[in-house]
1. Just wondering, is there one or more residues in region 394-403 that are over 26 Å from the mean Cα position of the chain (by Cα) and closer than 30 Å to Leu336 by Cα?
2. From Ala309, Ala269, Ala285, grab the single residue that is over 23 Å from Gly163 (Cα atoms) and touching a Leu at 6+ places or on another chain (Cβ under 8 Å).
3. Give me the pairs, please: first residue somewhere in region 284-312 and free of Cβ contacts under 8 Å to residues at least 60 places away in the same chain, second residue anywhere and away from ligand 2 (no atom under 16 Å from the Cβ) and open to solvent by 10 Å² or more (accessible area, probe 1.4 Å), beta-carbon distance under 6 Å, and either six or more positions apart or on two chains.
4. List the residue pairs whose Cβ atoms are under 8 Å apart, where the first residue sits in region 348-369 and is within 21 Å of Gln331 (Cβ to Cβ), the second is within 11 Å of ligand 1 (Cβ to nearest atom) and among the basic types (Lys, Arg), and the two are 6 or more positions apart or on different chains.
5. Applying the selection to region 334-346, what residues are open to solvent by 10 Å² or more (accessible area, probe 1.4 Å) and either touching a helix residue (DSSP H, G or I) at 6+ places or on another chain (Cβ under 6 Å) or touching a residue at least 24 places away in the same chain (Cβ under 8 Å) (or both)?
6. Please list, ordered by first then second residue, the pairs with beta carbon atoms under 6 Å, 6 or more apart or interchain, first in region 7-23 and closer than 13 Å to Pro154 by Cβ, second among the acidic types (Asp, Glu) and buried (at least 16 other Cβ atoms within 10 Å of the Cβ).
7. Quick check, is Ser536 away from ligand 1 (no atom under 15 Å from the Cβ) and modelled with pLDDT of 95 or more?
Amino acid sequence: MGYTIVQKIIKNHLVSGEMKCGEEIGLRIDQTLTQDATGTMAYLQLEAMEIDRVKTELSVAYIDHNTLQSGFENADDHRYIQTVARKHGVRFSRPGNGICHQVHLERFGVPGKTLIGSDSHTPTAGGIGMLGMGAGGLDVAVAMGGGAYYITMPKNIKVELVGKLSDYVGAKDVILEVLRQLGVKGGVGAVIEYAGEGVKSLSVPQRATITNMGAELGATSSIFPSDEATLAFLKAQGREADYIPLGPDADAVYDECYTVDLTALRPLAACPHSPDNVKSVSSLAGMKVDQVCIGSCTNSSLADMLTVAKILKGKTVHPDTSLSISPGSKQVYTMLAECGALADMIAAGARILECACGPCIGMGFSPKSGGISLRTFNRNFLARSGTADAGVYLVSPEVAAASAIAGVMVDPTTLGKAPKVKLPKKFTINDNLIELPASVEDAPCVTVERGPNIKPIPKGEAPMENLECELILKVGDNITTDHIMPAGAKILPYRSNVPKLSEYCFTVCDKDFPERAKAKGGGIILGGHNYGQGSSREHAALVPLYLGIKAVIAKSFARIHMANLINFGIVPMTLSCEDDYDKIAEGEAISINGFKEAIKSGGELYLTTKSGEKIALNLSLSERQREILLAGGTLNYTKSKS
Ligand code: MIC
Ligand code: SF4
């Protein structure tokens with residue numbers, strides 16, 4: 001039996017476990033990336049593990065999320081990351097160089113290699129045939145130290161692309177269609193491989209838009225073959241030496257197969273508040289639009305930006321609509337300026353932002369009360385934009401630009417012939433904002449600078465023999481990490497300050513939660529399906545840990561969040577019978593006898609409510625994960641092993 005693309009990469013990087021679907025496997029990691037909102041924690045943990053120099057082929061620290069700097073906090077964190085990177089052998093991508101995933105694709109991604117990043121959209125690298133996976137900062141720190149990265153051996157989903165995209169239909173519409181078909185849980189436990197004749201017609205940045213938003217399917221990763229389009233992209237980046245051809249074997253077997261007919265596809269939009277709430281743009285046409293934001297790691301490539309510039313050229317943004325544009329990288333920004341497209345955007349009235357995440361993570365540009373915002377981004381979770389009652393629609397750059405001019409949602413296929421953009425064969429290459437680390441000899445002389453914003457990381461504790469506490473919060477399905485630990489301009493500056501962050505924990509769902517958790521000394525949380533979907537932020541585990549949360553019971557967990565809970569010693573358990581969810585009420589006192597023993601032995605586990613109801617729980621964990629929980633988290637575990 002032949003191998004799929006991902007199976008080939010896994011086979012070449014396997015350090016432990018068997019390639020059997022559902023089994024835990026350990027992978028050698030070639031490259032890592034961090035961004036600043038998760039990076040401080042990752043490097044604090046690297047230091048705590050006493051790793052002097054990273055052992056990967058390449059590790060890069062990006063500054064792209066917290067660039068508003070409305071106080072000293074972000075600048076403190078940036079300086080810490082810069083100096084710690086310099087000392088420990090990590091390249092540093094300075095603020096202004098662009099969004100981690102876009103820059104990594106342009107300058108560092110290599111087909112056939114493995115990459116983990118402390119950001120859930122690391123699978124963007126799958127656009128270049130690289131196995132990119134989002135991970136918690138602690139897992140990235142372990143990988144920087146040469147340790148393996150552990151995942152569950154995924155199943156393989158094939159998405160066959162047939163035909164060719166029509167005018168005004170883009171890569172965003174392809175992934176929105178996949179989201180429509182599979183839903184936000186459809187990729188859990190799986191990798192998505194794109195195949196079929198339609199692949200050829202898609203450029204690497206288009207492919208990267210699709211693999212980027214594979215994160216919204218809950219997939220472990222998404223990947224395209226490495227072919228002529230990959231070679232052309234690498235050539236344009238002056239990196240053809242990194243090219244290898246890579247595709248599945250002819251007899252590769254997939255667990256599930258889906259088809260997307262590119263020719264039949266029409267512009268789509270993900271409606272509030274979930275990326276899989278997909279409708280046709282034509283059905284929404286005419287809806288008043290208050291704001292349009294173009295950019296993010298999903299749609300900020302040169303081709304996307306040039307298309308937008310062509311649509312805007314000679315026009316003016318509607319008076320009732322505000323348009324922001326953030327190019328994805330310094331390379332894109334520079335090339336837009338060089339060819340004059342930037343002038344067309346400015347002339348049309350676009351508000352040009354720096355090349356960073358910006359509005360995507362609520363760093364400015366929040367919509368008005370009850371406003372409608374069209375965004376070329378990847379997430380439209382409740383309150384993520386910074387305005388809790390705003391409605392965010394995720395659309396392609398074509399829909400976004402056309403709607404910004406009209407002031408209402410426009411189906412661009414009604415506008416006649418689409419503008420054609422021609423990409424240069426060679427891109428402008430200038431890596432002057434990527435700082436190389438100090439040499440091994442000079443590294444000991446580098447002083448790591450720590451500002452007052454950087455507070456110690458809370459420590460996990462070994463589990464109690466028996467657990468007696470309160471069910472302190474009960475939430476529903478698809479709770480995102482933006483619910484658990486919101487981001488945005490007011491909160492993001494405290495990513496290195498867990499005590500301060502804790503004041504905002506779960507406030508999207510329940511504004512009294514932080515106070516209640518503090519007063520009661522913590523407890524247990526009960527969730528529905530796909531608990532913890534979305535970002536890789538380990539703060540969604542660290543902050544509950546700080547508030548005394550000992551365990552989370554859910555119908556099912558999202559992959560990265562479950563790994564983060566275990567890393568910090570919070571025990572993730574599932575309900576053996578989903579209907580039991582209704583039998584436990586918030587505020588109820590509960591007990592779990594033999595809690596520690598069950599973690600040790602893997603035996604059965606029962607929760608007893610005060611009213612005497614007995615509820616069966618599952619702890620489906622690997623031996624390694626049990627040991628981590630018994631040690632009170634990965635830091636303690638790693639120390640005990642060394
Ligand atoms: C996101 O898009 O939600 C983020 C912000 O990039 C997160 C990381 C973070 O919370 O810092 C992610 O996707 O992992
Ligand atoms: Fe940044 Fe948004 Fe991409 Fe997250 S999804 S990395 S916030 S641009």
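1. In the first step, residues of region 394-403 are kept if they are over 26 Å from the mean Cα position of the chain (by Cα); the result is 402-403.
Add one more test, that the residue is closer than 30 Å to Leu336 by Cα, and what stays is 402-403.
Yes, that holds for at least one residue.
2. Working: Ala269 fails: over 23 Å from Gly163 (Cα atoms); Ala285 fails: touching a Leu at 6+ places or on another chain (Cβ under 8 Å).
It is Ala309.
3. Qualifying pairs under 6 Å: Ala309/Asp344.
4. Cys360/Arg379
5. In the first step, residues of region 334-346 are kept if they are open to solvent by 10 Å² or more (accessible area, probe 1.4 Å); the result is 334-335, 337-340, 342-344, 346.
Those that are open to solvent by 10 Å² or more (accessible area, probe 1.4 Å) and either touching a helix residue (DSSP H, G or I) at 6+ places or on another chain (Cβ under 6 Å) or touching a residue at least 24 places away in the same chain (Cβ under 8 Å) (or both): Thr334, Met335, Glu338, Cys339, Leu342, Asp344.
6. Once the first residue is closer than 13 Å to Pro154 by Cβ and sits in region 7-23, its partners that are among the acidic types (Asp, Glu) and buried (at least 16 other Cβ atoms within 10 Å of the Cβ) give Gly17/Glu24.
7. On the way: away from ligand 1 (no atom under 15 Å from the Cβ): no; modelled with pLDDT of 95 or more: yes.
When the stated conditions are applied, Ser536 does not pass them.
Listed here are the residues, each with its yes/no results for (1) away from ligand 1 (no atom under 16 Å from the Cβ); (2) at positive phi; (3) outside any helix (DSSP H, G or I).
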residue	(1), (2), (3)
Glu338	yes, no, no
Leu342	yes, no, no
Ala347	yes, no, no
Ala356	no, no, yes
Cys360	no, no, no
Gly370	yes, yes, yes
Phe381	no, no, yes
Arg384	no, no, yes
Thr387	yes, no, yes
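The values are calculated or read from the model by the stated rules, or taken from the named source; none is laboratory data. Here the structure is a predicted model, which means the values were calculated and not measured. In this analysis, Cβ positions are derived from the backbone assuming ideal geometry, glycine residues included, and neighbour counts consider all displayed protein chains. These accessible areas exclude ligands, DNA and RNA; they are computed on the full protein's heavy atoms, side chains included. Shrake-Rupley method; radii C 1.70, N 1.55, O 1.52, S 1.80 Å.
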